[in-house]
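The block underneath contains the structure these notes are about, expressed in structure tokens.
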Amino acid sequence: MLLLSLETSCDETSAAVIRDGVVLSNPVSTQIRLHEEYGGVVPELATREHLRNLPVVVRTALRQAGVEACQLEALAATRGPGLPNALMTGLKFAQSMAFVLGRPFFGIHHHEAHLYSPWIQGTPPQAHFSEFQPNVSLIVSGGHTLLVSVNALLDHEVIGSTIDDAAGECFDKIAKLIGLPYPGGPQLDRLARLGRKDAYAFPRPMLKDPGLDLSFSGLKTAVRYFVEKHPECVAEGSARNDLCASVQAAIVDVLLAKLARAVEKEGVRCVTASGGVTCNSALREGLQRLCAREGYELRLAEPSLCTDNAAMIGILAERKLIAGVAPSGLDEEPMPSWALPGA
Ligand code: KG4
Ligand code: ZN
């Protein structure tokens with residue numbers, strides 16, 4: 001099966017060519033430089049940039065894979081959640097190709113694609129679904145924070161979710177408060193490595209709550225008050241590094257505690273994690289420590305597949321095709337907000 005997939009849900013334009021579970025190409029064109037001066041993604045600019053980038057990225061993906069468009073057997077694109085007009089660009093581009101080539105098209109849920117991305121490993125990256133086992137999955141991105149119980153391939157249920165901000169959003173907003181450039185998550189991570197995580201005590205929201213839901217907006221507010229009271233901590237130096245390390249520790253502690261509770265509750269022996277925040281060094285180390293201590297198998301999405309990419313979209317679409325899931329309509333619209341089953 002030869003498939004082309006597109007991802008345009010936010011500020012990355014990506015296209016991937018997948019053949020029988022192997023990622024032949026997966027170019028990603030990031031718009032970080034474009035949005036940097038505004039301190040966040042400007043939806044209108046993102047849409048225009050996707051429109052400009054799509055033909056280039058698709059041509060690159062096909063060339064790198066050594067494939068002609070007419071050889072493609074199926075098309076896929078992210079349908080949502082994401083920025084409505086940004087989603088529209090990739091969705092309509094892929095649907096148009098499917099229409100012209102007379103091939104099936106699959107509209108894919110962005111979080112569902114993240115969910116199965118930890119099973120894509122190796123060089124070249126390829127799906128290792130034969131190694132699948134029931135797991136609890138942590139999806140931590142800029143748009144959402146979810147705990148998902150995955151019983152079998154394509155059979156999953158959301159068991160916990162943030163009730164306000166996503167973990168990535170919390171990283172980004174706090175980084176902005178501290179004066180770090182967009183996107184703040186990786187910058188905060190970098191400075192946190194130089195600081196002491198026990199320097200300042202920040203709240204661990206909903207840690208005592210016995211459920212599996214999470215919350216990050218209270219932490220953001222606590223940091224805002226702290227910075228107002230201690231403006232010296234925002235200046236470059238050890239105090240700022242300590243602040244970053246302490247904030248990061250609060251976010252990671254909450255994620256790990258809720259995840260540990262979820263795994264115990266579900267009685268599984270495998271943990272997976274995906275989404276942009278899974279690039280975070282403290283989270284990766286914390287997950288490794290937790291799983292080593294409890295004897296769980298850990299599957300972390302590879303850093304290049306944690307952030308948005310079309311490979312995860314294509315691998316999931318191919319899986320759906322193999323499983324006999326009916327293709328989507330060519331008139332399918334984007335779904336800016338679209339809950340995973342069980343949410
Ligand atoms: O999955 P993703 O690329 O896009 C969404 O689906 O939202 O995730 C992007 C998020 C951003 O909030 C970004 O700051 C965060 O992932 N992120 C990180 C790190 N790398 C990316 N957050 C903390 N530490 C990192 N190293
Ligand atoms: Zn994402």
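Things worth noting here:
- Residue list for the range 259-284, restricted to those being crowded, with 24+ Cβ neighbours inside 10 Å and assigned to a helix (DSSP H, G or I): Leu259, Gly276, Val277, Thr278
- Residues being of a type in the set (S, T, N, Q) and away from ligand 2 (no atom under 14 Å from the Cβ) - total across the range 6-25: 1
- Exclusive hit being crowded, with 16+ Cβ neighbours inside 10 Å, charged (D, E, K, R), assigned to a helix (DSSP H, G or I) and in contact with a helix residue (DSSP H, G or I) (Cβ under 8 Å, 6 or more places away or on another chain), set Glu44, Glu49: Glu49
- Every condition in (1) among the acidic types (Asp, Glu); (2) part of a helix (DSSP H, G or I); (3) at pLDDT 95 or above holds for Asp198 except the one numbered (2).
- Among the residues of the range 113-123, just one is within 16 Å of ligand 1 (Cβ to nearest atom) and either polar (S, T, N, Q) or touching a Pro at 6+ places or on another chain (Cβ under 9 Å) (or both), namely Ser117.
- Only one of Gly195, Gly184 that is surrounded by 19 or more Cβ atoms within 10 Å (Cβ to Cβ), more than 8 Å from ligand 1 (Cβ to nearest atom) and without any contact (Cβ under 8 Å) to a residue 60 or more places away in the chain: Gly195
- Taken over the range 124-162, the criterion of being out of contact with any Pro (no Cβ under 8 Å at 6 or more places or on another chain), within 14 Å of ligand 1 (Cβ to nearest atom) and not in a strand (DSSP E or B) is satisfied by Ser141 alone.
- Taking the conditions (1) surrounded by fewer than 23 Cβ atoms within 10 Å (Cβ to Cβ); (2) out of contact with any Leu (no Cβ under 9 Å at 6 or more places or on another chain); (3) touching a residue at least 12 places away in the same chain (Cβ under 8 Å); (4) among the aliphatic types (A, V, I, L, M) in turn, Val67 satisfies each one other than (2).
- Count of the range 201-230 residues which are among the hydrophobic types (A, V, I, L, M, F, W, C) and in a helix (DSSP H, G or I): 5
The values are calculated or read from the model by the stated rules, or taken from the named source; none is laboratory data. As the structure is a prediction and not an experimental result, all values here were calculated from the model. Note that we place each Cβ from the backbone using ideal geometry, even for glycine, and neighbour counts take in every protein chain shown.
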